[in-house]
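**Student:** Handing you a structure now.
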Amino acid sequence: MSGVDSTQLRTLAAIVAEGSFEAAARLLHVTPSAVSQRIKALEETVGQVLVRRHRPCDATEAGRPLLRLAGQLALLEREALADGRTRVAIVVNADSLATWFPAALARLPDQPELSFDIRQDDQDHTAELLRAGTVTAAVTAQREAVQGCRVRRLGAMRYRALAAPELADRWFADGLTRTSAAVAPVVVFDRKDRIQHRFLRTVTGGALDPPVHYVPSVPAFNESIRLGLGWGLMAEQLADADVAAGRCVDIAPGRVLDVPLYWQHWRLDSQVLTALTAAVCAVAAETLR
């Protein structure tokens, strides 16, 4: 395979970031035909299909390494030439995003040319976006480094099992038992979120299938617990205040769930990534277990 063209790589990245050939053309200020020709030429050079042409477009398995290369080259090129804005895509789990992670971004030195594209996903799935080449860094539960990435342990998010006092009196008068946990409603963030079920296995010793309410918003998730829709695991940074104020009670005193978190990012000698990693690790050290 001959060397790939940097313009074609930028076009590939634009298609995946924007979701379509037409949107990529608007971003790059060219015609959709030019975008199509560039991708066709890149696929002919590589000898494989690189883009799944549906909505939104995404990279094929063969396209993922080239997508990651495009992002790395763009970051290094902007740093070397001080040319235009540097946008860093990061994927973070919802509870980190709702608690400690924004403070890490705010701690970075003032860089008007730097902007962030923050994505949200479950901590057990965030590493997939690194593998796909669509993000530069991730807060993840995966401790093994993704190929081409560096990994740092951040600490653990601690969760407490909370319920509104009325719900606790109804379902957990005798504590969080296997019998009560099997029938009491539980609030779950989304279908990727398994920490409530993991906690139940730890406490009761078995797999249970209680009634579930899916609430995919951290503020709404926590408010649903406070209002008695169901019990759920709340990050201790938020849980402690609710317990102290009497809005919630701990239905399993002394039992917690610690979720280890790691910081993974592309293995690049980049000033932006170095500064970002330092800020993330510093704030994590102050706030996580």
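**Student:** In whole Å and largest first, what semi-axes does the C-alpha gyration tensor of segment 142-270 yield when each eigenvalue is scaled by 5 and square-rooted?
**Tutor:** In descending order, the three semi-axes are 31, 16, 13 Å.
**Student:** Then there's this: Which value, in debye to the nearest 20, gives the size of the charge dipole of the chain about its Cα centre, when Lys and Arg are +1 and Asp and Glu are -1 at the Cβ?
**Tutor:** Using only the charged Cβ atoms, the result is roughly 420 debye.
**Student:** Here's something else I'd like to know. May I ask for the angle, rounded to the nearest 10°, between helix 6-18 and the longest principal axis of the chain, with both axes built from Cα atoms and the value confined to 0 to 90°?
**Tutor:** Helix 6-18 and the main axis of the chain meet at about 30 degrees.
**Student:** Can you find, among Ser217, Ala132, Thr31, the residue farthest towards the positive end of the dipole of the chain? Put +1 on the C-beta of Lys and Arg, -1 on that of Asp and Glu.
**Tutor:** Ala132
**Student:** Now for a different question. Can you compute the charge dipole magnitude of segment 1-151 about its Cα centre, using +1 on each Lys and Arg Cβ and -1 on each Asp and Glu Cβ, nothing else charged? Give it in debye, rounded to the nearest 20.
**Tutor:** 200 debye
**Student:** Quick one: Debye curve from the C-alpha atoms of segment 63-150, no solvent, what's log10 I(q)/I(0) at q = 0.18 Å⁻¹?
**Tutor:** Scattering profile of segment 63-150, log10 relative to I(0): -0.86.
**Student:** In segment 1-123, if every C-alpha pair distance is counted and binned at 5 Å from zero, what percent goes to each bin?
**Tutor:** Each 5 Å bin holds this share of Cα pairs: 2, 10, 17, 20, 17, 15, 10, 5, 3, 0.
**Student:** Got a sec? Charge dipole of the chain, +1 on Cβ for Lys and Arg, -1 for Asp and Glu; which of Val272, Leu114, Val4 is way out at the positive end?
**Tutor:** The Cα lying farthest towards the positive end belongs to Val4.
**Student:** Still on this structure, I have one more. Using the basic label-point model (7 angstrom from Cα toward the beta carbon), what is the Ala103 to Asp209 distance in nanometres?
**Tutor:** Between Ala103 and Asp209, the label points sit 4.2 nm apart.
**Student:** Now for a separate question. If only Cα atoms are counted, what is the Rg of the chain, and what is its Dmax, in Å?
**Tutor:** Answer for the chain, Rg first and Dmax second: 22.3, 70 Å.
**Student:** Here's something else I'd like to know. Applying 1/(1 + (r/R0)^6) with R0 = 41 Å to the Cβ-Cβ distance of Thr45 and Phe116, what FRET efficiency is obtained, to the nearest 0.05?
**Tutor:** Computed FRET efficiency for Thr45 and Phe116: 0.80.
**Student:** Compute the acute angle (0 to 90°) between the alpha-carbon long axis of helix 32-46 and the principal axis of greatest extent of the alpha-carbon atoms of the chain; round to the nearest 10°.
**Tutor:** 90 degrees
**Student:** At a 10 angstrom cut-off on C-beta neighbours, averaged per residue, how do the peptides 177-187, 59-69 rank from highest to lowest?
**Tutor:** The peptides rank, most packed first, as 59-69, 177-187.
**Student:** Based solely on its DSSP helices, what 222 nm [θ] is calculated for the chain when runs of n ≥ 4 H residues each add -39,500 (n - 2.57) and the sum is averaged over all residues, nearest 500 deg cm²/dmol?
**Tutor:** -13000 deg cm²/dmol
**Student:** Contour minus end-to-end for Arg201 and Gln37, with contour as 0.36 nm per residue of separation and end-to-end as the Cα-Cα distance?
**Tutor:** Length gained, Arg201 through Gln37: 53.7 nm.
**Student:** What length, rounded to one decimal in nm, is gained on full extension from Asp169 through to Ser217, with 0.36 nm per residue of separation minus their alpha-carbon distance?
**Tutor:** 14.7 nm
FYI, it's all coordinate maths here, none of it is from the lab. What you are looking at is a predicted structure, and each value in this text was computed from that prediction instead of being measured. No Cβ is skipped: glycine too gets one built from the backbone with ideal geometry, and neighbour counts run over all protein chains shown.
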